[in-house]
Amino acid sequence: MNHQKKILVLFAHPAFESSIINKSLVGIIKKYSNITFHDLYEVYANFNIDVKHEQSLLLSHDVIVFMHPLYWYSMPSILREWQDLVLQYGFAYGSEGHSLEGKTLVSVISAGGPEESYQAGGLNGVPIKEIMTPTRLTANLTGMDYLAPFTVFGAHQIKKEISKDNKSDDLDNHSKKFEKLLQLIKDDNLDIQKAKEVRLLQDMIS
Amino acid sequence: MTGLFIISALFLMTAVLIVPFSKKKGLGSVLGYLIAGVGVGLVLREFAPLLGFKSSEALVEDLKHFTEFGVVLMLFLIGLEMQPSQLWNMRGAIFGMGGLQVGITTACITACVMMFGLSFNASLVIGLSLALSSTAIIMQTLNEKRLINTKGGQTSFSVLLFQDIAVIPIIAVIPLLAATTGSDGSGHGVELGLPGWLQAPLAFGAIVFIYLFARFAVNPLFRYIAKSKLHEVFTTAALGLVMLIAAITSLFGISPALGVFIAGVVLSESEFRHEIELEIEPFKGLLLGLFFMAVGASFNFQLFGAMPFTILGLSLGLMLLKFVVLLGIVKAFKVEWSQSLLFALALAQGGEFAFVLVGEATSVNLFDDATASIIKLVVAISMALTPGLFILYEKLIYPRFMDIHSNAEKAPDEIEEQGQILVAGFGRFSQIIVRLLSVNGFSATILDNDPDHITLLRKFGWKVFYGDASRVDLLHSAGLDSAKLLIVGIDDHEKAVELIKEVKKHRPDLKIFARARGRLQLYELKSLGVEEIYRETFDTSLKVGEDALKAMGFRSYQAKRARLLFETADHKMIDHLAKVWLENRDMLIDEAIIVNKVLEQTLKESINREHTWSDAAWSSGEADVDKSTVH
């Protein structure tokens with residue numbers, strides 16, 4: 001029996017006002033009134049995270065999305081702060097900490113370099129899935145399923161295309177796949193096992 | 001005396017009955033006044049002698065002369081709203097288009113009139129008189145319909161301005177065209193009997209004097225008056241100023257409207273601008289309305305009855321000719337169609353200057369009274385038809401262009417002089433706010449009521465306006481209707497409350513940020529619905545507290561978290577106590593004591609919790625003022 005999954009998007013972008021890719025993806029999210037869009041840098045400009053509030057948000061959703069640009073092979077600092085404060089011992093892990101078990105965690109990432117650079121032999125030398133290991137381990141410890149990351153590569157190139165022609169086929173393709181994925185997840189039609197095994201989450205969409 | 005009361009009541013009450021009705025029906029106020037005037041004129045014709053007046057015609061003429069001052073006031077206000085730089089940008093339209101319009105229209109009309117058999121000189125004067133349009137009707141209607149900031153509106157204004165300038169040489173030229181050399185001949189009151197060649201340089205001199213006077217004498221004068229803090233003296237001064245300038249200019253043969261316009265432009269940068277606008281506006285409104293009524297009342301029904309089709313034909317012919325010439329000129333300047341049509345329809349009528357010039361002409365016997373009466377009637381009818389043309393534009397023309405160009409249609413250029421941010425009170429509190437905004441590209445309209453303070457601030461280059469910001473009509477003048485944010489930085493709490501109450505009435509949707517001296521003031525402001533309230537010393541004190549913790553040995557980030565914790569808890573407490581203040585005021589002190597105790601307790605607990613964290617995810621600890629434990 002498929003019931004709707006409640007999705008919580010934890011969005012971390014310190015300069016959203018000048019973003020292009022994330023703006024496009026967020027636009028898609030905002031079309032769905034039953035996806036919770038939580039803009040961390042907007043709500044907590046002073047990094048004064050309201051832990052109780054964040055924990056209750058986690059409890060009331062099934063799928064947690066970390067959505068952010070890739071900064072130095074990791075995430076913008078507020079999302080780090082968020083994890084440090086919110087995933088408390090006794091809440092997220094530990095002998096009494098089972099609140100997140102069974103939920104799903106997925107990363108939605110925008111990366112500057114092209115896809116080819118994120119592999120052995122490329123400039124970054126390592127695939128995205130491997131870069132996101134700390135997040136995967138965090139999911140493991142808290143009992144969550146970590147899916148392959150949905151990644152928009154070539155952010156620099158896309159930005160150039162947009163500023164020249166005001167459109168980018170690459171971005172359009174990614175956006176379409178992103179929307180399909182959201183729908184699949186929301187309608188609980190995603191093969192979780194397969195989604196963990198693929199290289200990148202967009203590979204789930206042919 | 002009674003007669004005067006009766007006549008005044010007649011005029012005023014007729015206006016009160018008819019004008020709102022006409023406005024509601026979409027006919028605009030000008031048409032309403034004209035119609036009201038016609039009605040009053042008919043009544044006066046019957047009853048004026050009974051009330052002890054020589055004749056209704058003389059009465060109405062007197063009224064017209066008196067209320068023409070309304071037109072002068074209107075031009076002054078327009079000047080105040082305009083910045084010198086804007087005016088400079090318009091010089092092409094003013095002299096180029098204006099010059100062409102007056103020139104070509106005059107030529108065409110002169111030619112037509114000569115075909116009726118009048119002499120060249122007489123025809124020329126008639127041509128010049130009819131080439132000009134009615135500043136009063138056009139500006140009033142454009143303002144009312146909010147078309148003033150469109151291309152069509154701005155172009156109309158430029159040409160009208162040129163016409164105002166053109167009146168000077170025209171009046172000078174009329175006696176020269178007279179068949180007989182006229183004596184001073186004007187029925188218009190005082191004029192210096194100056195030889196022709198002296199007129200121009202003296203007129204120029206008068207304008208220079210007005211410029212200097214407005215630039216250097218007015219501000220110190222108003223500062224002196226403002227210090228007296230007597231409101232009515234300020235009003236008197238504002239009116240007196242306009243009258244003075246009007247007097248000087250007309251003494252030297254310049255149109256007073258032009259003179260006060262120039263003074264207005266010079267004063268548009270003054271700190272007293274908004275206050276002056278405020279004082280003059282009601283007088284202008286009243287006098288202008290009465291002027292239109294007088295025009296309506298002067299409608300010569302007898303003459304019209306004698307040759308209705310001729311007169312009507314002449315009026316329509318005049319308007320058609322002007323329309324065609326105007327359209328041709330404005331299209332030659334490559335203005336877009338919808339704006340060009342607006343311009344051509346707006347200026348197609350004859351104006352109040354025609355009455356003046358025709359009067360001059362008859363007094364030097366250029367043509368006879370009968371001709372003069374016909375001309376005046378033709379002009380009056382064309383003026384009466386003008387509001388109808390605007391309605392035509394609105395209902396038929398504009399919608400068509402909106403459809404065709406609805407994607408490409410640019411919003412009419414709003415002159416962004418009125419800031420989207422209003423700041424009331426410009427002391428230490430507001431100054432820093434404005435500086436931060438300014439550095440990030442946002443300008444604000446700032447009001448303060450201490451003239452000395454303003455003088456000092458202006459030295460620093462701040463554009464501060466004088467006025468008691470707790471008066472909402474001043475705020476309207478400063479742009480309340482289009483504001484996005486109001487910052488109340490006034491330190492006088494009572495005044496601030498007054499102001500906020502009024503603003504909430506007129507613009508309940510406007511976001512307000514207000515300064516509060518302390519908690520009690522905060523509670524009151526919160527009850528008024530103010531969106532954000534800032535206790536004057538709160539943030540500063542928190543900063544000192546945070547630094548004090550550090551001085552006593554806390555690490556920076558530790559001190560910061562402690563501060564944030566305290567701050568959040570304090571906000572929750574304030575919200576709770578604000579409710580108590582509103583609903584259960586006598587309990588306030590007891591509540592406050594209890595809540596404070598709980599706050600201290602929970603803060604201490606959370607800090608203790610912090611000291612015992614292991615190397616798991618550390619917790620900032622949340623101070624939770626549980627309201628149910630308060631009682």
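Before moving on, here are some points about what is shown:
Yes/no matrix, rows are residues, columns are (1) within 14 Å of chain B (Cβ to nearest Cβ); (2) over 21 Å from A:Asn140 (Cα atoms); (3) within 13 Å of the chain's Cα centre (by Cα):
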site: A:Leu8; (1), (2), (3): no, no, yes
site: A:Lys31; (1), (2), (3): no, yes, no
site: A:Leu59; (1), (2), (3): no, no, no
site: A:Val65; (1), (2), (3): no, no, yes
site: A:Leu85; (1), (2), (3): yes, no, no
site: A:Ser110; (1), (2), (3): no, yes, yes
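- Residue selected from segment A:40-57 under the condition open to solvent by less than 30 Å² (accessible area, probe 1.4 Å) and more than 13 Å from chain B (Cβ to nearest Cβ), by the criterion farthest from A:Leu184 (Cα to Cα): A:Leu40
- Selection of segment B:567-583 for residues being hydrophobic (A, V, I, L, M, F, W, C) and touching a residue at least 24 places away in the same chain (Cβ under 8 Å) yields B:Ala569, B:Met573, B:Ile574, B:Leu577, B:Ala578, B:Trp581, B:Leu582.
- Spans of helices (runs of 4 or more DSSP H) in segment B:518-631 with at least 2 residues open to solvent by less than 80 Å² (accessible area, probe 1.4 Å) and at pLDDT below 90: B:556-583, B:588-611
- Test: B:Asn121 is touching a Pro at 6+ places or on another chain (Cβ under 6 Å), touching a residue at least 24 places away in the same chain (Cβ under 8 Å), polar (S, T, N, Q) and open to solvent by 10 Å² or more (accessible area, probe 1.4 Å): no
- Any hit, segment B:411-431, residues being farther than 23 Å from B:Leu77 by Cα and at pLDDT below 80: yes
- Qualifying residues in segment B:133-149 (those that are part of a loop (DSSP other than H, G, I, E, B) and open to solvent by less than 10 Å² (accessible area, probe 1.4 Å)) - the one modelled with the highest pLDDT: B:Ser133
- Residue count for segment A:93-108, restricted to those that are among the basic types (Lys, Arg) and over 17 Å from the mean Cα position of the chain (by Cα): 0
- Matching entry among B:Leu230, B:Leu278 (being surrounded by fewer than 16 Cβ atoms within 10 Å (Cβ to Cβ), more than 28 Å from B:Val378 (Cβ to Cβ) and either in contact with a His (Cβ under 9 Å, 6 or more places away or on another chain) or at pLDDT below 85 (or both)): B:Leu230
- The residue of segment A:87-108 that is farthest from the other protein chains (Cβ to nearest Cβ), among those that are open to solvent by 20 Å² or more (accessible area, probe 1.4 Å) and touching an Asp or Glu at 6+ places or on another chain (Cβ under 7 Å), is A:Lys103.
- The residues of segment A:144-157 that are out of contact with any strand residue (DSSP E or B) (no Cβ under 8 Å at 6 or more places or on another chain) and surrounded by fewer than 22 Cβ atoms within 10 Å (Cβ to Cβ), listed by number, are A:His156, A:Gln157.
- Checking B:Ser255, B:Ser183 one by one, the residue that is open to solvent by 60 Å² or more (accessible area, probe 1.4 Å) and modelled with pLDDT under 90 is B:Ser183 and no other.
- Among the residues listed as B:Phe222, B:Phe234, B:Phe261, the single one being in contact with a Ser or Thr (Cβ under 8 Å, 6 or more places away or on another chain) and closer than 19 Å to B:Glu281 by Cα: B:Phe222
- Among the criteria (1) under 20 Å from A:Leu147 (Cα atoms); (2) of a type outside the set (Val, Ile, Thr); (3) open to solvent by 10 Å² or more (accessible area, probe 1.4 Å), the one A:Phe11 does not fulfil is (3).
The values are calculated or read from the model by the stated rules, or taken from the named source; none is laboratory data. Model, not experiment: these values are computed from the prediction. Quick reminder, even Gly has a Cβ in these numbers, built from the backbone with ideal geometry, and neighbours come from all protein chains shown. Heads up: the accessible areas ignore ligands, DNA and RNA and are worked out on the full protein's heavy atoms, side chains in. Shrake-Rupley method; radii C 1.70, N 1.55, O 1.52, S 1.80 Å.
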